[in-house]
Every structure is written in C-alpha cells, then in structure tokens.
Amino acid sequence: MQNLWFKISAFLILFLALFTKPAYSQEDKSALAKADSLFEQQHYTAAFDIYESILQKQQAYSPQMLLKMAYIKEGLRDYTSAMYYLHLFYTKEPSRSTLKKMEELAQTHRLQGYEYNDLQFFKTQLSKHYMRILELMLLIAVITVTVMFFSWRKGHKFTNTFKIGFTVYLLFILYYINFLTLGDAGIIRNKSVAIMSAPSAGASWIATASEGHKVPITGEQDIWYEIRWKGSKAYIRKSNLLELP
C-alpha cells in the first residue's frame, strides 16, 4: 500500500513540476537585455547574433524576441527566415493577428503555402497545449485506476460498459502519444530549387521554386523530403528545406 501511494505522490509531483516554468539564469537575462538595447539602437545585426545565440539554448527567450528576429530578417529581405521566426512566435503565442501578418507578407512577395483557416488555427492551439492535455489525461487515468483499485478491494464489481469505456480511453491515450500527427511543414530556403517527381536527381522535373514558399512534408527518403506541391506529391532535397518545428 505504501508503495502504491509513493508512486501516486511521485506522479503528482512530476505533474506539478512540468507546469512550472524554469527560471532564467542571470547570464541569459543579461544577454537578452543587451540584445534588446542593441535593437532599440537599431544595431540589428549585432542584436540578431545575440538573439540567435539565446534561441539555440532553447530555454531563455521570449516570444517578443522572436518577433524582433522576424522583423530584422524581413528588413534584410530574408523572407524564409522571417517566416520561420514568425512561425516560432505563432507556436508560442497563437493568434489570428500573427496569421494575418504571415498571410500579408506572403501575398506581398507572392509566397505560397501560407493560407490559413480555422482548422489550422485549431491544430496550432492543440500543438501548443499537447503536453498539458497529455498530462491531464494521464492524471485522470491514474486517479481512475486508484479509485478502481480501492473499490475492487471493497468487493465492488464494475460493469462491462465501464470496462470497455475505460479501455477505449487508455487506447486513445496510446494513440495520442504514438500516432497523432498535426502535419509537418517546411520553408524552401534556397533560390531556384528543383521540385522533382521522385527522390532522385534523375527523376522528372516538376517545377523550379524560389525561396520562402511553405510546403507540407508528407514523408522522407534518404536525402529527400516527400512534399505536396500544388496538390500533388513531389520531392525536394532536405538541404533546400527548412523544417518547421
């Protein structure tokens, strides 16, 4: 019994810990403040270098920093990077205003793949809260199993309907962890990129794409990504595509 309660307590502690945001180190705060100061002074290149260093640590950065990085890259006419940082910002702070900004930027520079709808917005919200939803489902499962255990010890018998329902719930959690996909995408990062009909340099040429276009990724094979290009299956070299997180 003590072992059971120990496991439950450990899970609850882990659950609460996952909701706790990590504290930023003094070094990270100092670097971010320095970069912000350089940005305000319009020393954009120097500011971007510090922002990029902070981002590579994948811990001490703010959504506002990503907006500034996108602004700098847009000013340098690097629309691939600008869209990339806007996408990172959107995954942290989903909003229709950010979608509108990406759409406007895409329309201005004739970039494809940035048409967004309610389904896309829903997928982004689900992606943002993926871990919290999973943690909640696991917590419910643990509590249910605990209650079932004590009820069973007292001689309570569960109906077949309850057993089937709970089994389906557990199977859904397994599906959610292992098979649920919200779709991958990437941004073409180089100029005059060949879109091929098969994962081979000797395959039929479909089109030549310019940088900045966003395409869905449906698979991969060796050095190639399988993508959807204008509604059809196509292939592009991995080195020509910046995969979005």
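What to note about this one:
- Full extension of the chain segment joining Ile177 with Leu136 gains 13.5 nm, where the gain is 0.36 nm per residue of separation less the Cα-Cα distance.
- The stretch 155-185 versus the stretch 62-77: alpha-carbon centroid distance in Å: 42
- Residue among Thr91, Leu111, Ala31 farthest towards the positive dipole end of the chain, charges placed on Cβ: Thr91
- Hypothetical label at Lys233: residues of the stretch 85-124 whose amide nitrogen lies under 20 Å (7 Å Cα-Cβ projection): none
- Assigned charges on the beta-carbon of Lys, Arg, Asp, Glu; the stretch 106-245 dipole about Cα centre (debye): 380
- Simple rule: put +1 on each Lys or Arg Cβ and -1 on each Asp or Glu Cβ in the stretch 182-245, find the dipole, and look at Pro245, Ile223, Ser210; the Cα lying farthest toward the positive end is Ser210.
- Using the rule -39500 (n - 2.57) for each DSSP H run of four or more residues, divided by the residues of the chain, the 222 nm mean residue ellipticity is -19000 deg cm²/dmol.
- Around the amide H of Leu244, modelled in the peptide plane, lie the amide H atoms of Ala185, Gly186, Ile187, all under 5 Å away and 5 or more residues distant in sequence or on another chain.
- Note on Thr167: accessible area approximately 70 square angstrom, rounded to 10, probe 1.4 Å, nucleic acids and ligands left out.
- Positive-end extreme of charge dipole, the chain - chosen from Tyr169, Thr45, Tyr79 (charges on Cβ): Tyr169
- For the stretch 211-231 and the stretch 97-130, distance of Cα centres in Å: 18
- Gain upon complete extension [Glu103, Ala198; 0.36 nm per residue less C-alpha separation]: 31.2 nm
- Label assignment, Rg and Dmax of the Cα atoms in Å derived from the structure, set (1) 21.1, 90; (2) 23.5, 73; (3) 16.6, 53: (2)
- Contour excess over end-to-end distance, with Cα ends at Lys163 and Val145 and 0.36 nm allotted per residue: 5.4 nm
- Segments 123-134, 215-226 sorted - mean Cβ within 10 Å per residue, highest first: 215-226, 123-134
- For the chain, size of Cβ-based charge dipole, Lys and Arg +1, Asp and Glu -1, in debye: 840
- Most mobile of Lys163, Lys29, Lys100 in a GNM of the chain (Cα contacts under 10 Å): Lys163
The values are calculated or read from the model by the stated rules, or taken from the named source; none is laboratory data. Everything numeric here is computed off the predicted structure, so don't read it as measured data. Counting neighbours? That spans all protein chains shown, and the Cβs are built from the backbone with ideal geometry, glycine included. These accessible areas exclude ligands, DNA and RNA; they are computed on the full protein's heavy atoms, side chains included. Shrake-Rupley method; radii C 1.70, N 1.55, O 1.52, S 1.80 Å.
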